[in-house]
Amino acid sequence: MRHLNLFYTAADNILRHKLRSLVVLLCLVAILFPFLSALAVLEGIRQQSRISVEEGADLYVTMDMYGRNGMIPAGIAGEIEKIDGVEEAFPRVISRITIEGKLAVLLGLPMDEMPSSLKFIQGNRPQPDEVVVGRGLAKNLGLKIGDNLSIGVRIYAVIDHVPYLQKKVYRISGIFDSASSIWTSDLVLVNLEDAIATYEMEDFVTDIVVYVKPGRTGFVAEEIRRMNAYFRIQTKEMAGRYVTEGFNARGGVFTILYTVAFALSVPAILVLSGFGLSARTREIGIFKALGWQSREVLEMVFFENILLALIGALSAFLLSFIWIKMFNAPFIARVFIAEIGSFAPFDVPVRFLPLPFLLAFVLALVLTLAGSIYPTWKAATVPPVEAMR
Amino acid sequence: MMRGDARSGHDAFIHCEGIWKIFSPGKLHEVCALVDVTLTVGKGSFTLFHGPSGSGKTTLIGLLGTMDRPSRGRIHIEGRDTTAFSDVARCRFRRRRVGFVFQAFHLIEKFSAWENVAVPLVPLDLTHRERRRKALELLDRLGLSDRADHLPGELSGGEQQRVAMARALINNPDILILDEPTSNIDAETVASVMELLGELKAEGKTIIASSHDRDLVQSADRVFELRRGSLFPPGGAP
């Protein structure tokens, strides 16, 4: 019962000292909000990336060209398909393009290899000279079915040192959505033949996509390597690893920046927690004079800090939730997603997990305790007459 | 009777021997607040320390109430050496045996009157309802039941003092210590305080107070004069 009494007194104290509580809470929210938002966005992107990798092919084959991934003859797909254990192999073209000054991804696939997971919001699959665009891109550029989309890709002449680009014009036949909002955001999907024609690279594609029977990936990869020493093979595991390492690197940069900000916030919280410290010291002196033991005073202050930390973490979580769900994480998503502005043109993927919230609570508790336990202990261990002075 | 030695005819409930209190010892601003004070206080008596400001009255009653430790000397209460108590033991002793009324009342500004009265009960195994009931009973006894939910800032000086008195009595202590109990209140309230002290004494409580007040001097069983930290019996030579 006595612990409960101390807990209720602590809760009352938070309400009684409204200004002090508010200042500490605002400071906690200011520190925890970017932390929770960033982790939620990072986890969301990581999850979508994992899904993309998992739903992708088992192997991607390209040619080694100057030590980089280079074009590969489209006909190799047929040869690869003959390898025992290969379920399916087909060529594709994937490249970065610019549409009205904005970066996008052009993906060319054989008509019958269009992903079945594509969900058309409007229109249909592309026919020759047609494209379908992702929902994010359509929204961002104000595109609709029937609009013409010109994709500038080829320099057809240089006159007086000025390059002239040849633009191929496509009709938009559909707008699609998929489980991954990032994937749909800037994607332009066309028939393989159109993609090849756009780049005028007859019979060459950027890579061959290979689906393999379960447990045969290693064998198939080895067989492909044996076909040509210049083939470069990327497995699903490698893709997964790149994604993980990429996010870990970004997450690491964020963590370093956040740690610096956190370290700077500690003295700020110490100063803020000292807000009204003399009144607090006097109060503690009164408690002690009236028979409270030091540990009871410390327990009450500890409860106060737990409550403040919990309210701070919950408020930061709520603000983060609103910031992401209602406003689509302005200024935060760009930390983790390359080449988007302060306002993402697509629904920023987000995933709120219990662990970051728990971490935020622990951080808040550490901060509030750092600011209050020592002064409280000091006030509680001097003779009450001194503390009350 | 020796200077600073004041023995009573009552049973030795509290016995102080050779008490010194030096603040900031060894420093330039060292203050010797009490000098070799020896005295005995009888159980159920009303003992008053009288003297000018800065004479050491507050320091002495603080030491008797285990609020601080003397620099030298021993204080025995019912034969137990309170100067040897640990911090925890002193807190426990204060909670169970001592009620304090401070000169400046020291009420907590953000607590209502009844909450202030119930502060000593918070770390005990009592429910909120029990605490409130006990506090209201005492406030009622002191004529403040209608002010129970008011903050100290909304109370007069006399009312604040009664709240402080109620808080001192909430644990039913057998020692009541009052520091200048009549200095911040009007004449009418002084009379009610005197009456209350009379009642408490009749209940068998040992009352120790410091005061300038002549009326209070007349009500006390024993009066000691404090001058520059030294204790004198009434009329004793400086």
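Rounded to the nearest 20 debye, the dipole size of region B:72-219 about its Cα centre is 840 debye, using +1 on the Cβ of Lys and Arg and -1 on the Cβ of Asp and Glu.
For region A:97-157, which trypsin sites (Lys or Arg not before Pro) pass both filters: DSSP loop (anything but H, G, I, E, B) and at most 13 other C-beta atoms within 10 Å?
Values: sites: A:Lys102, A:Lys119, A:Arg135, A:Lys139, A:Lys144, A:Arg154; in loops: A:Lys144.
Those that pass, being in a loop and sparsely packed, are A:Lys144.
Please state, to two decimals, what the Cα-based radius of gyration of region A:204-300 comes to when divided by 2.2 N^0.38 Å (N = residues).
Dividing the Cα Rg of region A:204-300 by 2.2 N^0.38 Å gives 2.47.
What part of the accessible area of the protein assembly as shown, given as a whole %, is carbon or sulfur when the probe is 1.4 angstrom?
Values: 16770 of 29370 Å².
Solvent-exposed carbon and sulfur of the protein assembly as shown make up 57 percent of the total.
Using θ = phi - 60° in the Karplus curve 6.51 cos²θ - 1.76 cosθ + 1.60, the 3J(HN,Hα) couplings for region A:106-115 round to 9, 10, x, 10, x, 3, 7, 10, 4, x Hz; x is entered for Gly and Pro. In order along region A:21-36, phi translates into HN-Hα couplings of 4, 5, 4, 5, 5, 4, 5, 5, 4, 4, 7, 7, 4, x, 5, 5 Hz, rounded to whole numbers, per the Karplus curve 6.51 cos²θ - 1.76 cosθ + 1.60 with θ = phi - 60° and x for Gly and Pro.
Rg and Dmax of region A:1-45, both derived from C-alpha coordinates alone, stand at 16.0, 47 Å.
Treating the beta-carbon of each Lys and Arg as +1 and of each Asp and Glu as -1, no other charges, what is the dipole magnitude of region A:237-334 about its Cα centre, to the nearest 20 debye?
On the way: 8 positive and 6 negative charges, 40 e Å.
In total the dipole reaches around 200 debye.
Residues whose amide H comes within less than 5 Å of that of B:Leu107, counting only those at least five positions distant or on another chain, are absent (H built at 1.01 Å from N in the peptide plane). Amide H contacts of A:Gln122 (H built 1.01 Å from N, in plane; Pro and chain starts excluded): A:Ile175 sit under 5 Å, all sequence-distant by 5 or more or on other chains.
For region A:81-125, a simple Cβ point-charge model (Lys and Arg +1, Asp and Glu -1, everything else neutral) yields a dipole of about 360 debye relative to the Cα centre. Just report the Cα centroid separation between region A:119-138 and region B:60-118, whole Å. Here the two parts' Cα centres lie 82 Å apart. As I understand it, the value is the acute angle between the Cα axis of helix B:128-141 and the longest principal axis of the Cα atoms of chain B; what does it come to in degrees, rounded to 10? Compared with the principal axis, the helix lies near 70 degrees. Considering only B:Gln218, B:Gln103, B:Gln161, the Gaussian network model of chain B with Cα springs below 10 Å gives its largest mean-square fluctuation to B:Gln218. The alpha carbons of region A:44-145 stretch over 45, 35, 32 Å along the principal axes, in descending order.
Which is the longest stretch in chain B that no exposed loop site breaks, taking sites as GluC sites (Glu not before Pro) with a DSSP loop state and at most 12 other Cβ atoms within 10 Å?
Working: sites that count: B:Glu30, B:Glu109, B:Glu203.
Looking at chain B, B:110-202 is the longest stretch - no exposed GluC sites (Glu not before Pro) with at most 12 other Cβ atoms within 10 Å.
All other residues whose Cβ lies under 9 angstrom from that of A:Val131 are scored, Lys and Arg at +1 and Asp and Glu at -1, for a net of -2. Does anyone have the angle between helix A:2-16 and the longest principal axis of chain A? Alpha-carbon axes, 0 to 90°, nearest 10? Approximately 80 degrees, to the nearest 10. Of the three principal axes defined by the Cα atoms of chain B, the extents in descending order read 50, 40, 39 Å. The base-10 log of I(q)/I(0) for region A:312-389, evaluated at q = 0.14, 0.16, 0.17, 0.18 Å⁻¹, reads -0.63, -0.72, -0.77, -0.82 [Debye formula, identical scatterers on Cα atoms, solvent excluded]. Charged neighbours of B:Leu126, selected by a Cβ distance under 10 Å, balance to +4 (K, R count +1; D, E count -1).
Can you give the direction-averaged projected area of the convex hull of the alpha-carbon atoms in chain A, in nm²? Numbers along the way, then the final one.
On the way: hull surface 108.1 nm².
That works out to 27.0 nm², a quarter of the Cα hull's surface.
Considering only B:Gln160, B:Ala148, B:Pro173, and ranking their Cα positions along the charge dipole of region B:133-174 that arises from unit charges at the beta-carbon of Lys, Arg, Asp and Glu, the one farthest toward the positive end is B:Pro173. The GNM of chain B, with springs linking C-alpha atoms under 10 angstrom apart, assigns the highest mean-square fluctuation among B:Pro52, B:Pro70, B:Pro181 to B:Pro52.
Take A:Met71: with every protein chain present and a 1.4 Å probe, its accessible area is about 60 Å². For chain A, excluding the exposed loop sites themselves (chymotrypsin sites (Phe, Trp or Tyr not before Pro), DSSP loop, at most 12 other Cβ atoms within 10 Å), the longest remaining stretch covers A:67-229. Checking every one of the trypsin sites (Lys or Arg not before Pro) in region B:131-238 against DSSP loop status and a limit of 14 other Cβ atoms within 10 Å picks out B:Arg228.
When every Cα-Cα distance of region A:275-337 is counted in 10 angstrom steps from zero, the calculated P(r) takes the values 18, 29, 19, 16, 14, 4 percent. A:Asp194 accessible area, nearest 10 Å², 1.4 Å probe? Spelled out: A:Asp194, probe radius 1.4 Å, area about 10 Å².
Projecting label points 7 angstrom from Cα along Cα→Cβ for A:Leu319 and A:Ala279 puts them 2.3 nm apart. Scalar couplings 3J(HN,Hα) for region A:246-256, obtained by applying the Karplus form with A = 6.51, B = -1.76, C = 1.60 to θ = phi - 60°, are x, 6, 4, 5, 5, x, x, 4, 4, 4, 5 Hz; x denotes Gly and Pro.
Take a quick pass over chain A and tell me how many lysine pairs come in under 15 angstrom between Cα atoms, counting only ones 8 or more apart or on separate chains.
Numbers: A:Lys82/A:Lys213; A:Lys102/A:Lys139; A:Lys213/A:Lys236; A:Lys288/A:Lys378.
Summing the qualifying lysine pairs gives 4.
The values are calculated or read from the model by the stated rules, or taken from the named source; none is laboratory data. Please read all numbers here as calculations on a predicted model, not as lab measurements. Backbone-built Cβ (ideal geometry, glycine too); neighbour counts: all protein chains shown. Just so you know, the surface numbers come from the protein's heavy atoms only, side chains and all, with ligands and any DNA or RNA stripped out. Shrake-Rupley method; radii C 1.70, N 1.55, O 1.52, S 1.80 Å.
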